[in-house]
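The values are calculated or read from the model by the stated rules, or taken from the named source; none is laboratory data. Note that the coordinates shown come from a computational prediction; the quantities given were computed from them, not determined experimentally. Don't worry about glycine lacking a Cβ; one is built from the backbone with ideal geometry, like all the others, and counts go over all protein chains shown. Each accessible area value is taken on the protein alone, full model and side chains, heavy atoms only, with ligands, DNA and RNA left out. Shrake-Rupley method; radii C 1.70, N 1.55, O 1.52, S 1.80 Å.
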Amino acid sequence: MPVVTVERQDAIAIVRIDNPPVNALSAAVRAGLQDAIAEIGADDGIKGVVLIGAGKFFIAGADITEFGKPPIPPILPDVTAELEALDKPVVAAIRGAALGGGLEVALACSDRIAAKGAKLGLPETGLGVLPGSGGTQRTPRLIGLKATLSLVTSGRRIDAEEALTLGLIDAVAEDDTLLEDAKERALSLAGQPRRRTGALPNPANDPDTVAQYRAKHRADRPGQFALSQAVEAVVASIDLPFAQGMGRERELFLECMEGPERAALIHAFFADRRAAKVPEASRGGALEVKSTGVIGGGTMGAGIASAMLLNGLTVTMVERDQAAADQGRANVEKILNGSVQRGKLTAEKRDHLLQDGFCASADYDSLGEADLVVEAVFESMEVKRAVFTELDRVCKPDAILATNTSYLDINDIAAETRRPDSVIGLHFFSPAHVMKLLEIVVADKTGPGAVATGVALAKRLRKIAVRAGVCDGFIGNRILAVYRQCADYMMLDGASPYQIDSAVRAFGFPMGPYQVSDLAGLDIGWATRKRRAATRDPKERYVAILDRICEREWFGRKTGRGIYRYDEGAPKGSPDPEVEAIIDAEREANGVSPKSFSDAEIVSRYMAAMVNEAAKVVEEGIALRPSDVDVTLLYGYGFPRFRGGPLHYADTVGLKKILSDIETYAEEDDFFWRPSSLLKDLAARNASFGSLNADD
Ligand code: 3H9
């Protein structure tokens, strides 16, 4: 089947792009469009053209699977130039999405009509490139400099109505009359002088806006390369004639294409979609979930309940007594009020959700109708066992019973029920109504139907699902525990926590590990360390600095002191000399003579610890593939997206280098630094983690 067809309807040619799933502009589509343009140009009987996409979308953009490979002609800027040169009206009939190169094709048409519900945008910078087929030159000529800079740098997808207001399109149509409206428009324009966006005058200069965008997106800041290049490409439209502007855009685009940011962001794009492919889910049918239960109304339970409510599910919350249930309701109300304040929810809708969609009680029997229940109570096996015994008693036979435990063995929890195939881990991240990640933890007896339901729920809640196996901490928290420990070793050995945080931020994380600890509350880690004390291997080095801080009841932000000091002058925290004194004392007590660390060494050690544990997680089958680890760290732990995730990053550094770093560090501590056999194997074969991601 050809991916581009030309159909004559009277004097109008309908050019249809049919390249499922999203009509990406692959080499075949580009060649097909070029042929269609030549055919139409040579046919005097054709007076006008309609360009439309088959299926749900107009065009989702360039085919990004081709990025990073040698370009196949014809390149898209040439195709758009030929489209614009055609001496006949060409109406783009847009439904679904006109994104990136898709919108650029539409901009090279003479007219644009979009169906209601269509989304238009230039999201290229989110993939580490810039609009490279005239988007930076035609858009400002059509809608001005400021609106273009906003669209290009935000990557925002706007709806048809906003596009019309901006002047990006000419009309909005009903979906079912789109093609007819476009044909009519093409006919009405036949014989008139052809409109060409590229022939419009240069946009007016606006030095303040240019200065503002240049200051916001500087190439010397991590993760800003494509953004700064995009700003420069748009700025080039102010003075340069169209053809030269296109040349400048191409240069800047190709520089982005060659860079690591582009490779990382495209990796992250496909990693997101790959994570959704969970083998068990394709073997089992998902249960239709309408009514849910949440056990526990604390921070986590209330966040989960709010996520459910905000996405159209009803929630029955169960707490141990009525007072706790009332508090749980108050916690949910507080979250929904926050959504109202931020303009994400109307007050009426909030009232409706709380009155008709939510109830909180102390009675497990109220869960009889729930399709899925998530337990989010205190992390104690005893408490969880009691909850699951109750759930097994009251829930209907096909209900899915989920636990939000962060580290307990879900096999033990499942064994408490007569239906371990219906028991699954759904590990939300706090705040659960905000954080995008959901680890779907598959225990030994979890059935495919439960997995499929978990994956479908994640989609419903607009979260990214990652499948994980059972182990202490699953994918994310297990890896976190190790790189966090590595940070503590560096702190004991001579780096200040403030230097570690700053080095980690400079790498691209929004916060350093000690800022995160202060935010989460140091008492949480303290409790975990106490829990593990009895089983800690005597060979493991133990850093007691944070215990000393906790003994003073400095638990972080919530107590005004932690690793940082928080006061009015420094609400985000400032270094605390008393903490530095505690660190010095601990060094002395442990006979450590502090050495200095460069920022680069801090990052090397931090990343080596992260990569090594991540490799073990893949090696043991806890994560299905390296890219699932990347997705987990990207969405749950603030790993900088422009670096693609820890295992993609490891591939860019080189696995031999990472392994040799680990071997060097092991000379100091061969208990902590035990290289993963997968890492050793890949390094020996000169292979990459990427090679284990089926479709990379
Ligand atoms: C660009 O245009 C550069 C130009 O300016 C310059 C050129 C010179 N290519 O997201 P979904 C696949 S840069 C190849 O699950 P949805 C995707 O991997 C591009 N494949 O569906 C998945 O495959 P699979 C600028 C693509 O309905 C399948 O399609 N454009 C592309 O939730 C379904 O995708 C963008 O950034 C692509 N461009 O959402 C838009 N896009 O089934 C990127 C998708 O094997 N795309 N696939 O896993 C999107 O935002 C969403 O896919 C879209 C549909 C909203 C369109």
Problem set entry | Matching residues in the stretch 378-388 - criterion: being among the β-branched types (Val, Ile, Thr) and either in contact with a Ser or Thr (Cβ under 9 Å, 6 or more places away or on another chain) or part of a strand (DSSP E or B) (or both) | Val387
For this session: Output the number of residues of the stretch 141-158 satisfying the condition of being touching a Leu at 6+ places or on another chain (Cβ under 8 Å) and more than 11 Å from the ligand (Cβ to nearest atom).
Result: 7
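Can you name the residue in the stretch 381-413 that is of a type in the set (Gly, Ala, Ser) and out of contact with any Leu (no Cβ under 8 Å at 6 or more places or on another chain) and, of all such residues, is least open to solvent (accessible area, probe 1.4 Å)?
First, the residues of the stretch 381-413 that are of a type in the set (Gly, Ala, Ser): 386, 399, 402, 406.
So of that shortlist, the ones also out of contact with any Leu (no Cβ under 8 Å at 6 or more places or on another chain) come out as 386, 406.
On the way: Ala386: 58, Ser406: 31 Å².
If we take residues in the stretch 381-413 being of a type in the set (Gly, Ala, Ser) and out of contact with any Leu (no Cβ under 8 Å at 6 or more places or on another chain), then Ser406 is least open to solvent (accessible area, probe 1.4 Å).
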Problem set entry | Search result, residues across the stretch 488-505 that are of a type in the set (A, V, I, L, M) and more than 13 Å from Ser598 (Cα to Cα) | Leu492
Problem set entry | Condition check for Glu162: open to solvent by 10 Å² or more (accessible area, probe 1.4 Å), under 12 Å from Leu120 (Cα atoms) and either out of contact with any strand residue (DSSP E or B) (no Cβ under 7 Å at 6 or more places or on another chain) or within 14 Å of the ligand (Cβ to nearest atom) (or both) | yes
Exercise. Which of (1) free of Cβ contacts under 8 Å to residues at least 12 places away in the same chain; (2) touching a His at 6+ places or on another chain (Cβ under 6 Å) does Val340 not meet, given it meets every other one?
Worked result: (2)
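If a residue must be β-branched (Val, Ile, Thr), closer than 19 Å to Gly55 by Cα and within 12 Å of the ligand (Cβ to nearest atom), how many such residues does the stretch 90-140 contain?
In the first step, residues of the stretch 90-140 are kept if they are β-branched (Val, Ile, Thr); the result is 90-91, 94, 105, 113, 125, 129, 136, 139.
Next, only the ones that are closer than 19 Å to Gly55 by Cα stay: 91, 94, 105, 113.
Okay, now just the ones that are also within 12 Å of the ligand (Cβ to nearest atom), so 105.
Count: 1.
Under the condition of being farther than 26 Å from Leu164 by Cβ and part of a helix (DSSP H, G or I), which residue from the stretch 63-78 is farthest from the ligand (Cβ to nearest atom)? Before the answer, list the steps.
The first filter runs over the stretch 63-78 and keeps only residues farther than 26 Å from Leu164 by Cβ, leaving 63-75, 77-78.
Add one more test, that the residue is part of a helix (DSSP H, G or I), and what stays is 64-66, 77-78.
Working: Ile64: 4, Thr65: 5, Glu66: 8, Pro77: 6, Asp78: 10 Å.
So the residue we want is Asp78.
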Exercise. Does the stretch 38-50 include one or more residues that are in the same structural domain as Leu254 (by TED's automatic domain parsing), within 12 Å of the ligand (Cβ to nearest atom) and either assigned to a loop (DSSP other than H, G, I, E, B) or of a type in the set (Gly, Ala, Ser) (or both)?
Worked result: no
Exercise. Give me the pairs: first residue in the stretch 95-107 and assigned by TED's automatic domain parsing to the domain that holds Ile75 and at pLDDT 95 or above, second residue aromatic (Phe, Trp, Tyr) and within 7 Å of the ligand (Cβ to nearest atom), beta-carbon distance under 6 Å, and six or more apart or on different chains, which are they?
Worked result: Gly96/Phe57; Ala97/Phe57
Problem set entry | Options Thr80, Thr5, Thr65; residue that is in contact with a Gly (Cβ under 7 Å, 6 or more places away or on another chain) and among the hydroxyl-bearing types (Ser, Thr, Tyr) | Thr80
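Identify, from the list Arg320, Arg214, the residue that is open to solvent by 60 Å² or more (accessible area, probe 1.4 Å) and in a helix (DSSP H, G or I).
Working: Arg320 fails: in a helix (DSSP H, G or I).
Only one candidate qualifies: Arg214.
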For this session: Look at the stretch 532-562 and say how many of its residues are farther than 30 Å from Arg674 by Cβ and either touching an Asp or Glu at 6+ places or on another chain (Cβ under 8 Å) or assigned to a helix (DSSP H, G or I) (or both).
Result: 9
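Ile37: open to solvent by less than 10 Å² (accessible area, probe 1.4 Å) and either under 23 Å from Asp10 (Cα atoms) or not hydroxyl-bearing (Ser, Thr, Tyr) (or both), yes or no?
On the way: open to solvent by less than 10 Å² (accessible area, probe 1.4 Å): no; either under 23 Å from Asp10 (Cα atoms) or not hydroxyl-bearing (Ser, Thr, Tyr) (or both): yes.
Taking the combined requirement at face value, the residue does not satisfy it.
Please verify whether the stretch 261-274 includes one or more residues that are away from the ligand (no atom under 16 Å from the Cβ) and in contact (Cβ under 8 Å) with a residue 12 or more places away in the chain. Steps first, please.
As a first pass, look at the stretch 261-274 and keep what is away from the ligand (no atom under 16 Å from the Cβ): none.
No, the conditions are met nowhere in the stretch 261-274.
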Exercise. Only one residue in Pro497, Pro575, Pro594 is touching a strand residue (DSSP E or B) at 6+ places or on another chain (Cβ under 8 Å), touching a residue at least 60 places away in the same chain (Cβ under 8 Å) and in the same structural domain as Phe672 (by TED's automatic domain parsing), so which one is that?
Worked result: Pro575
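Given the options Val90, Val172, name the one that is in contact with a strand residue (DSSP E or B) (Cβ under 7 Å, 6 or more places away or on another chain), under 28 Å from Asp35 (Cα atoms) and not small (Gly, Ala, Ser).
Values: Val172 fails: under 28 Å from Asp35 (Cα atoms).
Just a single option satisfies the conditions, and that option is Val90.
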